[in-house]
Amino acid sequence: MTGEVRSRIRERAIKKAKVRIALHGRTVEDFSEDDLEIVVADEEEKIRKQLWVVPLIAVGIILGIT
């Protein structure tokens, strides 16, 4: 992946991590830097998986595989 793609994934992961934290009734300040990194890394992994799964599903649909 290029640096720009990684940067965009990171930005999206940070936004999703903030939402996830807020949904649990906490604030970013409640977490240590290491804990925040874990949450953001988890969100990055989810995004990367989506980047592979969605195109594979589309190819499956096009080929008639279900």
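The values are calculated or read from the model by the stated rules, or taken from the named source; none is laboratory data. Computed from a prediction, not measured in an experiment: that's the story for all the values here. Every residue, glycine among them, receives a Cβ derived from its backbone with ideal geometry; neighbour counts consider all protein chains shown.
Below, the figures for the structure above:
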item: Qualifying residue in the range 44-60 (condition: part of a helix (DSSP H, G or I), loosely packed, with under 10 Cβ neighbours inside 10 Å and at pLDDT 95 or above); result: no
item: Checking residue 35 against (1) of a type outside the set (Ser, Thr, Tyr); (2) part of a loop (DSSP other than H, G, I, E, B); (3) modelled with pLDDT of 90 or more, the condition it does not meet; result: (2)
